[in-house]
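Here is the structure we will look at, set down as structure tokens.
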Amino acid sequence: MPTIVMPSVNVTRNKTVAQPPTGMAGAVATILYCGEFSGGTQIKDEIVAITNVNQFQEHFPALEDEDYKTSYNVVQKVFEQHDDNLGATELIILPCKKDYTSTDFAGYLDRLEPETFDILMIPTPIEDLPTEEEGEASVFLGLIKTWLDNRFKSQAGVGVVFGLAPTYDETTSTNVDLLVEAMSIFQEGVYGALTQSFNGLTLNESVALYTNHLAGLNVSASTTNKVIPAITKLSKEYTYGADSVGAKLVSAGVTCFKCFNRSNKEYGVVRAYTPAGYDISIERSADYMTKQFQLNDFLGESSRSSTLDAIAGEVNSRIYNFVNNLAICDDIEATVNKIEANTIEIGLKYYFSGRIITINLIVENVEV
């Protein structure tokens, strides 16, 4: 008798990998304390990549160590999901010493050089800021600036989010001016520089929370004057009148937060103005597009005219996608030239609409 096959529907569960929507740049790297043996030797020195908080403890077993617990909370914040913001897609962790020196820090940055990611999160607050007594420039900020410049030159631009030790931002007007001067060294790449912490968290954890928010946003989305649902309380609040501490910090590219609605616990960014002089959405969009113009497949190819035509075709295809499909910018001008036998030069000019900062209301009362 033949086998009778009954009608049925069979479902097979395949392993799925989350793919970020186009226009997203949510891969984060961090320099993070992950534990030490009693003698001070790091538990693990190798760089690891994780996609959820559980994997952190798989690589770095839990310790009864307050600094380890803070690091665990940092990782947790990076992967939190809030409303329609999915947070980071990946976290690349470079384990560091509990109390690293500037020399250690320079070595950590060098080790991250070949890694591919979108945002570098430095949760440990930067403390070597200039004061009236010690006017030396920050060694740590200088190292970050040099590293950012090198990444930009190699067409692998990323943004950095870090915390600034709070004792230097509000004690005296002189210290505020020194902080403004310290931040003036940056040309590009600062996505966030925080002096305020949120929700009773440490500054380390607050840096992670803001990084999480940025990583989950489309690169063309600004945080200027926008509520961040995950923030319900600030450690301190500034005023933003002329010559105020808050106004000076914003002008220097420090990311400042304020209360929009106290009864509803709505808090967000005053103005996401980077030290480079742009809204963060413009800087993130430019970094994202520049990376996408990496045409590595053409390296090693002949520089004959047909290859140049193919390169120009690839460039135009990306321009169409950025301008017409993703609406990341208004227009892009591009040139493709052979400047030497083995060198092709692509010139790019991005055009962005300005971000609305001021709305003037003209009101007239008419009695009839």
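The values are calculated or read from the model by the stated rules, or taken from the named source; none is laboratory data. Bear in mind that the values here come from a model prediction, so they are computed numbers and not experimental data. Every residue, glycine as well, gets a Cβ built from its backbone with ideal geometry; the counts of neighbours run over all protein chains shown. Remember, those area values only see protein heavy atoms, side chains included, never the ligands or the DNA or RNA. Shrake-Rupley method; radii C 1.70, N 1.55, O 1.52, S 1.80 Å.
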With all protein chains present, how much of the accessible area of the chain (probe radius 1.4 Å) comes from carbon and sulfur, to the nearest whole percent? 48 percent
Hits in the range 85-115: amide N under 14 Å from the 7 Å Cα→Cβ extension of Asn261, namely none
Å³ per residue of the Cα convex hull, for the range 172-233? 122 Å³
For Ile47 and Phe152, extending 7 Å from Cα along the Cα-Cβ vector and measuring point to point gives, in nm, a value of 2.2 nm
Please enumerate, by chain and number, the lysines with C-alpha under 16 Å from the C-alpha of Lys145, excluding those fewer than 8 residues away in the same chain. Lys153
Based on Cβ point charges of +1 for Lys and Arg and -1 for Asp and Glu, what charge dipole magnitude is obtained for the range 184-305 about its Cα centre, in debye rounded to the nearest 20? 420 debye
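Could you do me a favour and compute the accessible area per residue for the chain, 1.4 Å probe, result in Å²?
For the chain, the per-residue accessible area is 54 Å².
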Restraint check, Lys98/Lys258; Lys226/Lys291; Lys44/Lys77; Lys233/Lys349; Lys77/Lys265, Cα-Cα greater than 29 Å: Lys98/Lys258; Lys233/Lys349
Three-way shape label, the range 317-368, alpha-carbon gyration tensor, a/c 1.5: prolate
For the range 117-128, in residue order, the Karplus 3J(HN,Hα) values (coefficients 6.51, -1.76, 1.60; θ = phi - 60°; whole Hz; Gly and Pro = x) are 6, 10, 9, 9, 9, 10, x, 5, x, 7, 10, 8
What residue among Leu94, Leu348, Leu148 shows peak mean-square fluctuation when the chain is described by a Gaussian network model with Cα springs under 10 Å? Leu348
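Run through the range 216-298 and list the GluC sites (Glu not before Pro) located in a DSSP loop whose Cβ has at most 14 other Cβ atoms within 10 Å.
Glu237
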Here are some values of percent of Cα pairs over 38 Å apart: [x] 47; [y] 34; [z] 26. Which one was computed from this structure? [z]
